[in-house]
Structures are given as C-alpha cells and as structure tokens.
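Chemist: Handing you this structure, nothing more for now.
The values are calculated or read from the model by the stated rules, or taken from the named source; none is laboratory data. No experiment lies behind these values; they were computed from the predicted model shown. Neighbour counts run over all protein chains shown; Cβ positions are idealised from the backbone, glycine included. Just the protein is used for accessible areas: all its heavy atoms, side chains included, with ligands, DNA and RNA removed. Shrake-Rupley method; radii C 1.70, N 1.55, O 1.52, S 1.80 Å.
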Amino acid sequence: ANPLKRVAHKVTESLTGEGGGPADGVPGKPGPESPPVAEPTEPREPLPPKPDQSGPDTVSPTGQPTGADQARVAQSGSYLTNAQGTRLYDTDHSLKAGPRGPVLLQDHHLREKIMHFDHERIPERVVHARGAGAHGVFQSYGTAASVTKAAFLAEDVETPVFTRFSTVVGSRGSSDTVRDTRGFATKFYTSEGVFDLVGNNIPVFFIQDAIKFPDVVHAAKPHPDREIPQAQSAHDTFWDFVSLHTEATHHTIFFMGDRGIPRSYRMMEGFGVHTFRLVNAAGETTLVKFHWKPKLGVHSLVWDEAQLINGVDPDFHRRDLADAIEAGAYPQWELGIQTFPDNPEQTFEGIDLLDPTNLVPEELAPVQPVGLLTLNRNPSNFFAETEQVAFHVGHLVPGIDVTDDPLLAGRLFSYLDTQITRLGGPNFPQLPINRPQAPVNDMLRDGMHQTAVHRGVAPYRPNSLDGGCPFTAGAAEGAYIEAPVRVPEATKVREAPESFADHFSQPRRFWLSMSSVEREHIIGAYTFELGKCYEQSIRERTLQVLANIDPELCAGVAEGLGLPAPQPTVPLADVEPSPALSQVGRTWPTEGRVIGIVTGGADLEGVNAVRQAVLNAGMVPLVVAPTGGTLGSGDAALTVQRSYVTARSVEFDAVLIAGAPDMGGDAYTPRDYKSGPAPARPATTDPRVSLLVSEAFRHGKAIGVWAGGEVALEASGVPADAPGVVVADSGTAALEQVTGLLGAHRVWERFTTPRG
Ligand code: HDD
C-alpha cells in the first residue's frame, strides 16, 4: 500500500470534520470550541538532518546515486558518452549522407554537442566580472568571543572558506592590473550556516545610498555608444559623475592612490566597509568594522609598470595567486575588527558610522586581530567554483547582524536578485561551491535547476504530516535572531541625514596621510585620468573638487592639465593624518617577493647559491637566461625559468645580474626584432636585458650585480652609484643588500618629485 495515499485520505477526513478533525481546517490545531484533537497520523520521528543541499536522498527514484554521490561518479567512465551516458564511437564527424553529402538532421549527437556549447556561457557579473578565487581555512583566535556568539569566531575553530578577488569595472576577459578598486569576498562555510564577508580593498565606498549604485556603475562602465574604454575610469562619464556627486570623492582619491593598482592580491588589505553589529551570548551588541591585514604587507605597482603588465601579462594577479598557492607559499590575512560602542547615535569620535564613505582611523580605534585566513588550494575548475560562487551580504550567522547603513540595505536586496539572472534561478545555493556545510532543511522547493530529490509531503509549516518537521530553533539551539534594535519614530522621507553632507574632510585626511611620493602618484593619476577626458568642463569641475581637498593636490593636477587652479569653496578641514593609510615609510616583510636572477652563463655556482638563498628567505627565484633549457651540468645544473624572450622586468620585485649578459656579440640577431634592425647596443649586452634593467630602475626596484654585471648597468644607462643599485663581490652578498632594500618595497628615493 502507498503510505502517501493513506495519509492524503486521512487529511481529507480531518478537513471534513469526520473522525474529529479540527474545526478551523488546520491539521493538528484545535478550533476555538473543539475538544483536543487526535493527530490524523501517529507523530513521526523528525526527518534526519540533510548533510548538505545535494538533496535529502542520495539515490534517484530508480535507486541510482544522485547528488553528492553522483558527483563522485560523474565524468569518471572510461568511454566517451553523450550526456545520457550512451557510449559514442565518433565525435569528430557529423552524420552525413555520404562523405561529401549533406549533414542529416537526425544526428542527435551533433545536436546535443552544439546545443550544450551554445549555452556554455552565463551572464558575467554586472560588476566584479573579472576575478580569481581560492579555497582555504579560517582559524579563529577566540579574541572576538566577548563581542560575538558566532561559532566560527570562538576560540580555535577552523572553518573552510572560499575567497574571490576581483576588479570592479572590467569585463570577465579584461586585464588584471587596471586602475580600479579590488573586490575581496570571502565565504565562510561555518557550522551555523554560510557567512559571506563581501568587501573591497578600499575601506570606503563611492556612494552613501544603494539607490545610486546603477548611476555610479553606468558612469564607470564603457561609454554606451562605442563600448570604450574597457576596465577604466579614465573617461568622461566617470569623471562627470564623480565631480557632480562629491560624496564619491573619498573613494576616488583612494583608488587614484596606489591602492588602485595593487602589486598582488596577496598584498592587499580588505575591508567590510560598512559598520556591522555583533551580538554576544548575553545579547549585548557592539558595532564593528571588519579588516583583512595581509601577512606579506600592503604593496602596489607603479603606474607605468601596471600599464606594461596589462599587455605583457593580463592575467598577472590571477597567475600570481595561483602560482603562490601551487608553490605552497600560502597567502595569509589576519581578520581584525575595530569596535565601537553601540550608542543610539551610531557615531564614534564624531564620525557617522552609518556613512560608508567614512572610515575610522586605526589610530582612534585599533584593529584587533580575531583570526587567520590561509588560502591553500586552487580551484580545480574555474567555472564551477570561481564563476559560480555566489556571495551575498545577507548570508549572516548568529552573532553577526547588520546596521541601518542605507548602502548595506540596498545590497541586502541586490545580491540575491542578481544570482537569479546570473545563475539561472533560485537554486544557486545547491551549486557545489555555494552549498552550506551545515545541515539544510529549508522547505524551499522546485524551481529551475532543482537538483535535490526532496522527501516528505509537507514542505510547509505548521504541518502534522511530516511529524511537524522541521522544527524552528530557539536561541539555545542556535537560531538566527535579529538584534532587537529600536527603530526611531520617524516620517518617511527621501533624504540623507545632515551628517552625510561632509564630503571633503575625510578625503583631506587621506591626502595628508600620504608620503610625498604617494602624493605624486595621486597627482599623476588624476592628471592621467582627466587628461583622457574630452570635456573641459569636467576637468574644471574636478579641479574644484580637488581644491576642496587640498591646494597642493589641486595645483599639481591643474599644472599637468594646463588649467588654472581654483580656490576652495569650503573651509579646509582641520584633520589629523592617519599614518596607517600610507604604504611608504614602513619596513615590510619580504616573503613572497619575486627575484629575477639574470645570467648569460657567468658564475653558475654563485647563481645556484643565490637561488637557494632566495628560497630559504621565503622568496621566489626566477632564473633568466638567453634561451630556455638548462644551464651548467651535474650538481650545478640550473633550470632556466624565463628566457630573454619571455622575461620582462614587471614580473620581478628585484633583479640580480651575474656577469655580462652577453649573447654572442654581432652574431646575435634576436628573432623578435627581425622585422627591423636590432637596436644599437654595446656588443656585450643583450638589448632585452638592457630593457629589463632600465625598466626595473625606472620602477624603483632594487638591482644587484656581481661578477662583471656592471656592464649591464652601463648599457641600460643606470648609474652604478644610484640609490638602490648594489655592486657586490658575490651573488649572496648582492642578495643580502637587495633584500634589505625590499623591506621598503621600492627604492622610493628614485622617484624625485617635482615638488621636492
Ligand atoms: Fe557589490 C558584487 C563588493 C556595493 C551590487 N560587490 C560584488 C563583489 C564584491 C562587492 C567584492 C564580487 C563578489 C564576487 O566575487 O562574486 N559591493 C561591494 C562593496 C560594496 C558594494 C564592498 C560597498 C560597500 N554592490 C554594492 C551595492 C550594490 C552592489 C550598493 C547594489 C545595490 N555587487 C552588487 C551585485 C554583484 C556585486 C550587482 C555583482 C555580482 C554579484 O553581486 O554577485 O549584486
């Protein structure tokens, strides 16, 4: 007998009142005057918790494995099959009426293969389309346990994570090192459900209210008529918008600064941007801002280098992340929080915590470390993992709650909504990369791409047919309970609070916190970007914005544009600098840095010793030689990692040169110059090495030479006594001095600034 039929029959009885059913028609709930009613069926045991959303059943209706079990057998057969598992004997030829005849419509294999291919692409993310991701673990210190009950932040808890870094503006195939904000989104698969921290590498945002997001994105994206420029803000519509909409000023100056062109994803800070509300076990609340601090320090490219990389290696950041993980040099970040009392005003030291264009200087509220993120595994399939991962600021766990930041409110709507278009329906949480690693029992049913084979007959509550299951949890069972925050009595308005109106004092703090070389970079970036605008009025309006930040900034950019510098229209804010915002003037760790070791064949023993010393210091050696292959033999044999054809300075943080990088005097005719005469050069230095050295010098990189490598300096026009140039007796001595210089990241003295 079919048990479901029996149950359905019983329900009908109860609804019609036969057998003493409830008067108001709700099974199990007595009507006002009715006597207590017997359950229509015997209460059943609760359904077992579902291990994940691959479906409560692990066998299909025919008894075959489904869901997670099927994933294990998928794509594992020895024979090529069609999507239905039927073996194929040929996939290279369409079915034709004779070898030269027409292709037949009955070719169901051709039809299936092309149909699938036609639909291989999904819509790219409307923003943050270009990205790279990695798996890892988050190890909590327990230091946040006094302010949050979140289980993954309790002492010594290890939580699996997936992190995706991204640029914002460019398309999925755009270059990595464009000037842009970078996304830094982390999915924590906690024991209490998924928590997503969807942040950026800049602690503030362009807009204060989510309703402006389409405006800022439309302005930053390529012009709608010609769809150019790709992945840049250096065009009229962007500067038109941000010069009219001055709340964008703080974010804009940040990415005109060096943080707009990070050296590596591994060397970026991350920020949750908004103020969040943490709730502890006693129900007490604390306002917090989340920070990620990279163990390798915070480093950037210089603009010329970034532009070169866009051509030389558009996948620079993606490759860097994957290579580091593959080499076992796992990147790490400490998660930290700034905490603020949850006062009714939601301000700290006069700073409105609900305004996402504000930051709170670390000097006023120190960042307290609460755990360590280690990225230790590359995705095995880019599409399945990095592309299909779906982040959402509303993926929260007990102990982490939101505030009334109006930008956050809009995001809470947007991230769910966008996945429906991008991932084709509401069941995207069932995709393997998005599946929670806590039991799911959600009563959400059906829909496009449903892969669960749900059991039970009562995906509704209250029910009696599934024994009342699933049950709701209370605080003791770990339910997510919103903090009972009082909402002030108010009238509905489309307005911003007055405290959101100050658009210049925080950008001024940022400017005053920069070193002179960082200020020059900022002036250079504004000059470049505005120089790419056609409309004079947009340049002039932006100069007015800059005048309201600082006269020196405005004068520098005005000079580059050949325009007069306007006077400020607001009083310049009296703010203290925040040294934590500057990347220059500190000593950073040197782990993870890439050292190019160039040799034309000289002192292979010394090169070998340097290579080993670089590895011992946790850095990455790349041996560069005239051609690929091996140098030397026996124990001294060295594998060449870059030839003069494939090497480019931008890949290295510092360069070491052993001997004169010769390629055989006049006999040398490099293939990549064969369309014209090889450039004039001293007979002993390959022009590609001269280019490498002169670029490294121009980009402020430490250069060390030994065993006659001075020849390469001379050929590149680099003075041997210039700052950051080391001439040493041996390779290891050169490396030692160069490593000392790397602690400052670059040789900043080389960037002599026009203003001193
Ligand atoms: Fe957003 C993606 C970060 C404001 C709407 N956002 C996205 C990603 C990051 C951020 C890192 C990529 C996630 C991934 O790797 O898949 N966004 C931010 C930050 C913001 C912010 C730090 C401000 C503090 N975003 C913001 C607003 C809205 C959106 C105000 C809309 C009202 N963001 C989206 C989106 C995206 C997105 C359209 C595109 C793809 C996606 O969500 O999954 O919904």
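Chemist: So if I place +1 on the C-beta of Lys and Arg and -1 on the C-beta of Asp and Glu, and nothing else carries charge, what would the dipole magnitude of the chain be about its Cα centre? I want it in debye, nearest 20.
Modeler: 1840 debye
Chemist: Arrange the residues TYR415, TYR141 by how much accessible surface each exposes, largest first, with a 1.4 angstrom probe. Provide the component values of the computation, followed by the final result.
Modeler: Values: TYR415 55, TYR141 80 Å².
Solvent-accessible surface, decreasing: TYR141, TYR415.
Chemist: With Kirkwood's inverse mean 1/r over C-alpha pairs for Rh, give me the Rg to Rh ratio of the chain, two decimals please.
Modeler: 1.04
Chemist: Along the Cα→Cβ direction, 7 angstrom out, place labels at VAL493 and LEU110. What is the inter-label distance in nm?
Modeler: 6.9 nm
Chemist: OK, next. Per residue, how much accessible area does the chain have with a 1.4 Å probe, in Å²?
Modeler: Value for the chain: 47 Å² per residue.
Chemist: While we're here: Is there a quick way to get the dipole size of region 504-581? I mean about its Cα centre, with the Cβ of Lys and Arg at +1 and of Asp and Glu at -1; what is the value in debye to the nearest 20?
Modeler: The dipole magnitude comes to about 160 debye.
Chemist: Ok, one more. Could you order the peptides 223-236, 257-270 from most to least packed, using the average number of other C-beta atoms within 10 Å per residue? All intermediate terms of the calculation are to be shown ahead of the outcome.
Modeler: Values: 223-236: 14.7, 257-270: 24.7.
Result, highest mean Cβ count within 10 Å first: 257-270, 223-236.
Chemist: Here's another thing I want to ask about it. Where does the charge balance sit around GLU385 when Lys and Arg score +1, Asp and Glu -1, over other residues with C-beta under 13 Å from its C-beta?
Modeler: Values: positive: ARG164, LYS187, ARG377, ARG435; negative: GLU387.
Net charge in that neighbourhood comes out at +3.
Chemist: Moving to a separate point now. Local charge sum around GLY371 (other residues, Cβ-Cβ under 12 Å, Lys/Arg +1, Asp/Glu -1)?
Modeler: Surrounding charge for GLY371 is -3.
Chemist: Based on DSSP, what percent of beta bridges with both residues in the chain are antiparallel, to the nearest 5?
Modeler: 75 percent
Chemist: Let me ask something additional. What pairs from LYS295/LYS701; LYS212/LYS295; LYS212/LYS532; LYS187/LYS212 go past 29 Å between their alpha carbons?
Modeler: Over 29 Å apart, Cα to Cα: LYS212/LYS295.
Chemist: Considering only protein heavy atoms, with the full assembly of protein chains and a 1.4 angstrom probe, order MET115, MET448, MET443 by accessible area, largest first.
Modeler: MET448, MET115, MET443
Chemist: Quick check: with the 1.4 Å probe, what order do LEU416, LEU444 take by accessible area, largest first?
Modeler: Correct descending sequence by accessible area is LEU444, LEU416.
Chemist: Ranked highest first by average number of other Cβ atoms within 10 Å, how do 87-94, 433-440, 735-742, 592-599 line up?
Modeler: Highest to lowest by the protection proxy: 592-599, 735-742, 433-440, 87-94.
Chemist: While we're here: Return one number: the angle in degrees, 0 to 90 and rounded to the nearest 10, between the long axis of the Cα atoms of helix 516-531 and the longest principal axis of the Cα atoms of the chain.
Modeler: The angle comes out at about 80 degrees.
Chemist: Taking only Cα atoms, what is the 0 to 90° angle, nearest 10, from helix 108-118's long axis to the longest principal axis of the chain?
Modeler: 60 degrees
Chemist: Give me the angle, in degrees from 0 to 90, between the Cα long axis of helix 316-326 and the longest principal axis of the Cα atoms of the chain, rounded to the nearest 10.
Modeler: Taking the Cα atoms of the chain, the angle to 316-326 is about 70 degrees.
Chemist: Let's test the formula: R0 of 30 Å, r as the Cβ-Cβ distance of ASP404 and ARG319. What FRET efficiency results, to the nearest 0.05?
Modeler: Rounded to the nearest 0.05, the efficiency is 0.15.
Chemist: Give me the percent of the accessible area of the chain that comes from carbon and sulfur atoms, probe 1.4 Å, all protein chains in place.
Modeler: On the way: 19420 of 35570 Å².
The nonpolar share, carbon plus sulfur, comes to 55 percent.
Chemist: Dipole of the chain (Lys/Arg Cβ +1, Asp/Glu Cβ -1, origin at the Cα centre): which of VAL169, VAL103, ALA390 lies farthest to the positive side?
Modeler: Comparing the listed Cα positions along the dipole, VAL103 ranks first.
Chemist: Students often check this: by mean Cβ neighbours within 10 Å, which of 572-578, 623-629 ranks highest, and how do the rest follow?
Modeler: Output ranking for 572-578, 623-629: 623-629, 572-578.
Chemist: How charged is the neighbourhood of PRO723? Take every other residue with its Cβ under 14 Å from the Cβ of PRO723, and add Lys/Arg as +1 and Asp/Glu as -1.
Modeler: Surrounding charge for PRO723 is +2.
Chemist: May I ask which residue of PHE316, SER690, GLY424 lies farthest towards the positive end of the charge dipole of the chain, with charges of +1 (Lys, Arg) and -1 (Asp, Glu) on Cβ and the Cα centre as origin?
Modeler: My answer, from the dipole projection, is GLY424.
Chemist: Putting +1 on Lys and Arg Cβ atoms and -1 on Asp and Glu Cβ atoms, find which of VAL747, SER94, ASN201 reaches farthest to the positive end of the dipole of the chain.
Modeler: SER94
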